[in-house]
Number of protein chains: 2
Amino acid sequence: MIKNLKTDVLIIGAGPAGLTAALYVARAGKKALVLEGRTPSRLAIGYEIENYPGFLKIDSRELLEKFIEQAKHHGAEILKEDALALALEGQPKYVTTRSAFIEARAVIIATGRPISEEKIIPGEEEFTGRGVSYCATCDGPLYRGREVLAYGLSEEALDEVLELEQVGCRVKLVTGKKIKPEFKEGLEKLRQKGMVVLEGYELKAIQGEKRVEKVVVEKDGQMEEILVSAVFIFREIPGSTLFTKAGLQLDERQCVVVDRLQRTNVEGVFAAGDVTCGSLQVASAVGEGCVAGMQALAYLRK
Amino acid sequence: MIKNLKTDVLIIGAGPAGLTAALYVARAGKKALVLEGRTPSRLAIGYEIENYPGFLKIDSRELLEKFIEQAKHHGAEILKEDALALALEGQPKYVTTRSAFIEARAVIIATGRPISEEKIIPGEEEFTGRGVSYCATCDGPLYRGREVLAYGLSEEALDEVLELEQVGCRVKLVTGKKIKPEFKEGLEKLRQKGMVVLEGYELKAIQGEKRVEKVVVEKDGQMEEILVSAVFIFREIPGSTLFTKAGLQLDERQCVVVDRLQRTNVEGVFAAGDVTCGSLQVASAVGEGCVAGMQALAYLRK
């Protein structure tokens, strides 16, 4: 049986951005319903965070728990289901899940950065938060002076690799098989800085005892082992047909396009956090969630 | 004796935005120098915060202390002086204070929202954080169902007043003496919603024992007392000649104009927090500080 639900603001995604938006909406006395989908917030993995202001060091799961508790404390409700279809244009807006048909006056999208499942590397999930990272800013400083492997080749990946080097990591870059000509120059620049570039290699496996200790890379069918303390994976982001179908404008990286007030191209629909390809930081996700929540409230006032 | 200082990133302002930027810069191994001027962060006043994610309830001074400690822990340094002159175009950038001549590769402006001193209302400073507020979103929910007075007339002020009403406050608005014709319609809308609009009245004093209990308003020389639990002051912001002189683009509200990456119109100069007329929230200031810090680091890599 499908149940009908009504809310002032529907928030899709239960990470730092979505939960902060929910806190702001609920605290203002409006109904805030949060959808927590199958793919959990990256915080649920469990790793140490040193750069969320207010906590010198905190386990990501503990911080996520605090965010959930605080949103609920102010009256936000959480439904543990994925959004399956969106009808966002017009008023009200409709979103369906497995068990519910939801009517909302405003919608905030905070689904985080998608990773397509087929691309996952053996060992990647097991060691996430224990040597596997997706963010140079977050985790680079933890491996200062040590050997790390970076994997991926895009403009963003090259910048992240430079950041690892800036922070003092000893970086080896594995580019993957296909190298687009526009990256040749960037790779040359890394080599000039003394970095090792393994051109045309693929990352095949991440291994270790309790933490990452080594990786297996491959070129032309030849396997090779490299000892490293950490692996940074910088993937390009696959598209999201759900959002495109709903009329939302995405950029070339398949991220939802927003302005400084977190407004999308669809009236009454806002987006916050990693889904907008921001800074992949808890601090900035929280900031964007706050702005999206306040803007949704302003939209309801109209 | 003027001393010469050199830093990678100079951060002007020691509130949530500036300290978060400093944390990010210092944690990446770069030198971060923070100027803490005479006007302290609004957090230094001491009031309860319920909407900074991670803390159900925290005293603003305690939170500020945590931000300072965390930035210092990662190596940021704080100099307790105001920026007196800025030379931001070109490379490096120069900033002078009372005792120092500072050379920086990048600058982040996070000076907060200025209030001109001559405009302060008797009782305003004494009761700030104890009934006097500048932010409907922050403090409105604390006065649900109670009488509050709002003071000020601008587009922003009208929106804040609607927010107070949305949250469940019983609002009286004091408009000040001069009423621009473009606000007539907005005031009519408030009246239709059942709000009391004291047109042409000035706010003369804020009084009480330990907390705000009443205000004195004036029209045509006649004084009147009104019992209220809180006073929300929504001022327009005075201009900042320091920034204009330095070549920074300001908007009509005299706020520094930035893009989504917190970049100003001057290369290598970023701005974050209330100085950009964002959301006046600790959460969004922290988010913007994080982005500004990361962007300054990206700028240094170039």
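The values are calculated or read from the model by the stated rules, or taken from the named source; none is laboratory data. Everything numeric here is computed off the predicted structure, so don't read it as measured data. So basically every Cβ, Gly included, is an ideal-geometry build from the backbone, and we count neighbours across all protein chains shown. Only protein heavy atoms, including side chains, enter the accessible area calculation; ligands, DNA and RNA are left aside. Shrake-Rupley method; radii C 1.70, N 1.55, O 1.52, S 1.80 Å.
Amide H to amide H, with H built 1.01 Å from N, residue B:213 comes under 5 Å of B:207, B:208, counting only residues 5 or more places away or on other chains. What is the protein assembly as shown by shape, rounded, prolate or oblate, if you read a ≥ b ≥ c off the alpha carbon gyration tensor as root eigenvalues and call it rounded for a/c under 1.5, prolate for a/b larger than b/c, and oblate otherwise? Cα axes put the protein assembly as shown in the oblate bin. Around residue B:56, what is the net charge, scoring Lys/Arg as +1 and Asp/Glu as -1 over all other residues with Cβ under 11 Å from its Cβ? Result for the neighbourhood of residue B:56: 0.
Measuring between their Cα centroids, region A:38-60 and region A:217-235 lie 27 Å from each other. Accessible surface area normalised per residue over region A:117-233 is 50 Å², counting heavy atoms of protein chains with a 1.4 Å rolling probe. Burial of accessible area (probe 1.4 Å, heavy atoms of protein chains only) in region B:9-47, relative to its chain alone, reaches at least 20 Å² for B:23, B:24, B:27, B:28, B:30.
Taking K and R as +1 and D and E as -1, what net charge do the other residues with C-beta under 12 Å from the C-beta of residue A:225 add up to?
Net charge around residue A:225: -1.
Total buried accessible area between B and A, probe 1.4 Å, nearest 100: 4300 Å².
For region B:117-233, the share of DSSP beta bridges that are antiparallel, to the nearest 5, is 45%. Considering helices alone, the calculated mean residue ellipticity of chain B at 222 nm is -8000 deg cm²/dmol, with DSSP H runs of length four and up weighted by -39500 (n - 2.57) and normalised per residue. Residue A:100's amide H: which non-local residues (gap 5+, or another chain) put their own amide H closer than 5 Å, with H modeled 1.01 Å from N in plane and none for Pro or chain starts? HN-HN under 5 Å from residue A:100: A:3. Semi-axes of the equivalent ellipsoid for region B:152-302, computed as √(5λ) from the eigenvalues of its C-alpha gyration tensor and ordered from largest down, come to 37, 17, 15 Å. Got a sec? Which residues in region A:264-288 would a label at residue A:2 touch, if it sits 7 Å along Cα→Cβ and we count backbone N under 11 Å? Of the residues in region A:264-288, none has backbone N under 11 Å from the label point off residue A:2. Rounded, prolate or oblate: pick one for chain A, where a ≥ b ≥ c are the square roots of the eigenvalues of its C-alpha gyration tensor, a/c under 1.5 means rounded, and failing that, prolate if a/b is larger than b/c, else oblate. Cα axes put chain A in the prolate bin. Annotation: lysines with alpha-carbon distance below 27 angstrom to residue A:80 (same-chain offsets under eight excluded): A:3, A:6, A:30, A:31, A:66, A:72, A:93, A:119, A:245, B:57. Inverting the pair-averaged 1/r between distinct Cα atoms of region A:115-205 gives 13.6 Å as its Kirkwood hydrodynamic radius. Solvent-accessible area assigned to carbon and sulfur over region B:226-302 amounts to 51 percent, based on a 1.4 Å probe.
Loop-located trypsin sites (Lys or Arg not before Pro) in region A:194-236 (DSSP state other than H, G, I, E, B) with a sparse environment of at most 11 neighbouring Cβ atoms within 10 Å: A:210. Label-to-label distance for residue A:84 and residue B:227 is 5.7 nm, based on points extended 7 Å past Cα in the beta-carbon direction. When region A:123-265 is described by a simple charge dipole with +1 on each Lys and Arg Cβ and -1 on each Asp and Glu Cβ, the residue from A:200, A:226, A:162 located farthest towards its positive end is A:162.
Net charge in the neighbourhood of residue A:3 (other residues with Cβ under 12 Å of its Cβ; Lys, Arg +1, Asp, Glu -1) is 0.
Summing Cβ point charges (Lys, Arg +1; Asp, Glu -1) relative to the Cα centre of the protein assembly as shown gives a dipole of roughly 140 debye. Distant-in-sequence amide contacts of residue B:37, defined by a placed amide H-H separation under 5 Å and a gap of 5 or more residues or a different chain, comprise B:13, B:14.
The convex hull defined by the C-alpha atoms of region A:221-302 has an orientation-averaged projected area of 8.2 nm². If you count the DSSP beta bridges with both ends in the protein assembly as shown, what percent of them are antiparallel, to the nearest 5? That works out to approximately 40 percent antiparallel. Here the relative contact order of chain B, from alpha carbon pairs under 8 Å that lie six or more residues apart, stands at 21 percent.
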